[in-house]
Amino acid sequence: MSNAKHCCIGIDIGAGLGAKIGLFAHAHHQLGECLLHREEFGETYDQLVTNLIARLHHLLKEHGFRMKQVSAIGIASPGLFRSDGSYLLVANLPQLTGHNLKERLAQETGVPVAIDNDANVGGLAEWSVLKMGLLYWVFGGGWGGAWIDKSGTVKFPAVDWDGDDRKLHYTNEPGYAIPLSRLMLKTLFYQYGTSFERFEQIAVEDMKLPGGRLTGPGGDPDSIRAEVILSGPGRCRLFRAVVGNDDFYHRFLDIHETRQMMDPSIAGAHISKLSTMRVESAITTDRLFGHCLAHATLIMFKQMRQAPGGVAEALPICLGGKPSYALPYFGPTAQRQFGSMGILSYMRPSVIDERGLNANLLGAAVLAEKTAAPS
């Protein structure tokens with residue numbers, strides 16, 4: 001039984017493994033954790049809520065707490081939100097779309113609840129350690145991000161989005177909102193000895209795009225969305241475009257690894273292995289990824305400089321998520337290009353990841369602390 005009189009709860013809702021639930025004396029003192037597996041979510045919203053609350057009570061009881069001792073609940077979740085905390089869209093968890101989990105949990109538990117996009121919450125976790133303004137990026141199925149100011153406030157969150165790409169701030173939805181010029185990419189791919197047209201064909205087939213052509217934000221035919229390249233799947237597409245029909249890299253992988261090269265969720269680790277072994281196709285892939293990232297970052301910083309108060313040029317950029325573990329491979333090229341473009345910020349691994357912690361779960365606890373009513 002815990003000696004603490006009060007606690008807070010952090011919840012990290014994932015579309016993969018499930019919802020991780022953490023019990024905290026404070027954000028950097030976790031008391032316990034449990035998991036509501038994805039298959040336990042149920043088919044409906046009501047089933048998910050019922051099962052989630054039951055698991056909350058079980059975790060509290062296990063550690064000698066009751067719900068009335070919980071100061072607040074913070075939730076990190078994928079998706080876009082309305083200003084009242086309800087879900088606008090959750091692509092991978094459709095039973096949540098249109099519902100207000102924040103309000104429902106508050107009613108059911110009698111505890112203040114806060115909810116935010118998982119990239120924003122991960123950024124809050126980084127801020128809770130660094131206590132300074134920062135950018136937080138996650139390269140996963142796409143490229144998510146957040147700009148956190150020195151007070152721990154998320155700047156320009158994508159709330160109440162009406163579908164107009166022009167209203168998305170590049171720092172909060174970088175992969176989706178940032179346009180990369182097709183002309184620039186064709187020239188850049190050529191410099192690295194590969195074909196943008198081949199990359200586009202791979203991406204169109206991979207993404208099953210109607211019309212067979214990539215377009216940028218707002219349907220712009222002269223650009224593509226940054227995350228088509230700058231994501232876990234994007235890095236895999238780049239590699240396939242670079243190697244073409246050349247299977248020389250096979251000799252550096254075993255038969256199981258070779259078969260997995262078409263699966264972006266697994267292939268990234270194998271590309272990193274090839275880069276470590278100095279296989280030219282993998283090195284070229286990561287240099288090209290880094291160079292594209294630098295161009296996207298420059299576009300982002302141009303918008304940031306127009307914001308009220310501007311931006312500190314040496315803002316640290318913390319990278320979270322498994323594909324971000326490839327930073328040692330694409331980072332050097334990106335950082336060199338940053339310098340040539342006049343960007344003084346530096347990329348670094350997530351300080352939360354370095355401590356072996358879950359950024360979304362810890363960030364949810366930070367969100368809870370910021371929400372808790374004064375005692």
ask   = Taking Cα centroids, how far is the range 177-224 from the range 136-172 in Å?
value = 23
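Where the convex hull is taken over the Cα atoms of the range 1-109, what is its projected area averaged over directions, in nm²?
Details: hull surface 26.0 nm².
Reported value for the Cα convex hull: 6.5 nm².
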note = Along the range 59-75, Karplus-curve 3J(HN,Hα) (6.51, -1.76, 1.60; θ = phi - 60°) to the nearest Hz, with x for Gly and Pro, reads 5, 4, 4, 4, 10, x, 10, 10, 4, 5, 8, 7, 7, 5, 10, x, 10
note = Computed curve, the range 1-52, Cα-only Debye sum without solvent term, log₁₀ I(q)/I(0) at 0.13, 0.15 Å⁻¹, is -0.37, -0.47
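Tell me, K167, K155 in order of fewest to most beta-carbon neighbours within 10 Å? Write down the numbers at each step before the final one.
Values: K167 12, K155 20.
Ascending Cβ contact count within 10 Å gives the list K167, K155.
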request  = Compare the Cα positions of P316, L274, L288 along the charge dipole of the chain (+1 at Cβ of Lys, Arg; -1 at Cβ of Asp, Glu; about the Cα centre) and return the one farthest towards the positive end.
outcome  = P316
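To the nearest 20 debye, what is the magnitude of the charge dipole of the chain about its Cα centre, counting +1 on the Cβ of each Lys and Arg and -1 on the Cβ of each Asp and Glu? It would help to have the intermediate numbers written out before the result.
On the way: 36 positive and 37 negative charges, 152 e Å.
About 720 debye.
Rounded to the nearest 5, what % of the DSSP beta bridges within the chain are antiparallel ones?
Working: 27 of 46 bridges.
About 60 percent, rounded to the nearest 5.
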inquiry  = Whole angstrom only: what separates the Cα centroid of the range 79-110 from the Cα centroid of the range 1-56?
reply    = 16
request  = List the residues of the range 2-44 whose backbone N lies under 13 Å from a point placed 7 Å from the Cα of Q69 along the Cα-to-Cβ direction.
outcome  = 2-9, 23-26, 31-32
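Please state the shape class of the range 94-160: rounded when a/c is under 1.5, otherwise prolate if a/b exceeds b/c and oblate if not, all from the C-alpha gyration tensor.
Numbers: a/c = 2.50, a/b = 1.49, b/c = 1.68.
Oblate, because a/c is 1.5 or more while a/b does not exceed b/c.
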remark   = quick shape note, the range 82-238: Cα extents on principal axes in Å, largest first -> 59, 36, 26
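For the chain, take the convex hull of the Cα atoms, compute a quarter of its surface area, and give me that in nm², please.
Details: hull surface 77.3 nm².
Result: a mean projected hull area of 19.3 nm².
Please give the charge dipole size of the range 299-375, origin at the Cα centre, charges +1 on K and R Cβ atoms and -1 on D and E Cβ atoms. Round to the nearest 20 debye. Can you show the working numbers first?
Working: 7 positive and 4 negative charges, 37 e Å.
I would put it at about 180 debye.
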ask   = Over all distinct Cα pairs, what is the inverse of the mean 1/r for the range 178-344, reported as the Kirkwood hydrodynamic radius in Å?
value = 16.6
request  = Determine the calculated [θ] at 222 nm for the chain from helices alone, applying -39500 (n - 2.57) to every DSSP H run no shorter than 4 residues and normalising by the residue count; nearest 500 deg cm²/dmol.
outcome  = -12500 deg cm²/dmol
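In percent, how large is the relative contact order of the range 178-344, given Cα pairs closer than 8 Å and 6 or more residues apart?
Working: 177 pairs, mean separation 36.5, N = 167.
About 22 percent, as a whole number.
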ask   = Taking H as built 1.01 Å from N, whose amide H comes closer than 5 Å to the amide H of A27, not counting residues under 5 places away?
value = none
task = Quick one: which residues, 5 or more positions from G18 or on another chain, have an amide H under 5 Å from its amide H? H modelled 1.01 Å from N in the peptide plane, none for Pro or chain starts.
result = R38
inquiry  = Spelling out what I want: for every residue of the range 83-88, take phi, set θ = phi - 60°, compute 6.51 cos²θ - 1.76 cosθ + 1.60 (Karplus), and round to whole Hz; glycine and proline get x.
reply    = 5, 8, x, 7, 6, 8
query = Would you list V366, V279 from fewest to most Cβ contacts within 10 Å?
reply = V279, V366
inquiry  = Relative contact order of the chain, please, whole-number percent, based on alpha carbon pairs below 8 angstrom and at least 6 residues apart.
reply    = 20
task = Using only Cα atoms, locate the centre of the range 318-355 and the centre of the range 265-289, then give the distance between them in Å, rounded to an integer.
result = 16
ask   = Could you put T258, T194, T297 in order, starting from the residue whose Cβ has the fewest other Cβ atoms within 10 Å?
value = T258, T194, T297
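Every number here is computed from the coordinates shown, using simple stated rules; none is lab data. Here the structure is a predicted model, which means the values were calculated and not measured. Cβ: placed from backbone, ideal geometry, glycine included. Neighbour counts: every protein chain shown.
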